[in-house]
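This report concerns only the one structure given below.
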Amino acid sequence: MLEARQLTKEFDSGDHRLTVLRDVNFTIPQGQFVAIVGPSGSGKTTLLGLLAGLDVPTRGDVLLDGASLTRMTEDERARLRGEKVGFVFQSFQLIPTLTAIENVQVPLELRGERGAGERARELLERVGLADRLEHFPTQLSGGEQQRVAIARAFVNRPRILFADEPTGNLDGSTGARIVTLLEALNRESGSTVVLVTHDPGLAQRAHRLVRLADGAVVEDVTKRNAESDGSDRAADAGSTSTDARPATVATSATGSN
């Protein structure tokens with residue numbers, strides 16, 4: 001479903017070149033639930049943006065469902081995201097002047113699809129917000145806003161969902177409910193889920209752990225007993241598997257990337 005090939009991202013910083021990611025390689029099969037972890041400044045959010053086609057690498061390539069993102073124009077990448085990608089932001093990114101159901105409808109309406117209202121209502125009911133359809137973002141709690149954002153991300157039935165610190169702005173119990181929701185939608189829809197997190201508990205629940213340090217992959221562990229169509233496939237070259245035990249996840253530094 002997703003492949004990173006020698007992915008490198010550099011930025012000009014004053015009179016020198018800053019390398020944020022260096023030669024990142026991995027393959028993610030359809031249906032897998034993957035957590036990308038690492039300390040602040042390790043390149044997690046930069047990597048997520050490249051994988052989702054929100055930015056382009058300095059060198060290397062990303063293949064999303066077989067399509068090379070680096071060979072596409074920005075319009076072509078935007079079209080691909082609209083068709084196959086969902087994205088959940090840490091800060092929710094809801095449109096403040098639209099109600100919950102209107103926010104969820106937006107991706108389908110931009111594509112000119114019929115039945116946007118019915119699909120949006122169905123998903124909001126699925127995430128437990130049947131009684132919040134006509135509420136504006138300011139009338140919703142942080143957890144409710146995140147559930148609206150997740151419903152919006154799934155409304156176009158994406159092949160792959162990216163999430164940047166989906167529990168970062170939530171309290172522990174609300175964050176746990178969001179994780180359970182993501183797991184259920186991953187399991188029921190078969191969508192691949194790739195998320196960045198500083199939360200070791202969330203990382204433990206993923207089917208696969210990819211750890212970054214100084215812009216490079218330093219650990220790649222797949223659980224063979226994970227409950228996912230993609231989880232029991234062989235990991236790509238260089239990854240480590242465990243047969244009966246979940247991957248051990250070290251607590252990463254707290255902060256944002």
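Values for this structure:
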| quantity | calculated |
| --- | --- |
| Per-residue HN-Hα couplings for the range 67-78 [Karplus 6.51, -1.76, 1.60; θ = phi - 60°; Hz; x = Gly/Pro] | 9, 7, 5, 6, 8, 9, 6, 4, 5, 5, 5, 4 |
| Computed [θ] at 222 nm, deg cm²/dmol, the chain (DSSP H ≥ 4; -39,500 (n - 2.57); rounded to nearest 500) | -9000 deg cm²/dmol |
| Two-site label geometry, Gln204 and Thr180: point separation in nm, points 7 Å out along Cα→Cβ | 1.6 |
| Cα-projected label distance for Leu54 with Asn169, points at 7 Å along beta-carbon direction, nm | 1.3 |
| Degrees between helix 116-126 axis and first principal axis of the chain (Cα, 0 to 90, nearest 10) | 70 |
| Coordinate range along principal axes, alpha carbons of the range 1-57, Å, largest first | 43, 21, 19 |
| Helix 142-154 vs. the chain, principal-axis angle (Cα, 0 to 90°, nearest 10) | 80 |
| Anchor Lys223: lysines whose Cα lies under 28 Å away (excluding residues fewer than 8 positions away in-chain) | Lys44, Lys84 |
| Simple spin-label estimate for Asp23 and Asp75 in nanometres, 7 Å along Cα-Cβ | 3.8 |
| Percentage relative contact order, the chain, counting C-alpha pairs under 8 Å, at least six apart | 27 |
| In degrees, nearest ten, helix 100-110 long axis to first principal axis of the chain (Cα) | 70 |
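A short reminder: the numbers here are calculations on the coordinates, not readings from a lab. Note that the coordinates shown come from a computational prediction; the quantities given were computed from them, not determined experimentally. All Cβ positions, even for glycine, are placed from backbone atoms using ideal geometry, and neighbour counts span all protein chains on display.
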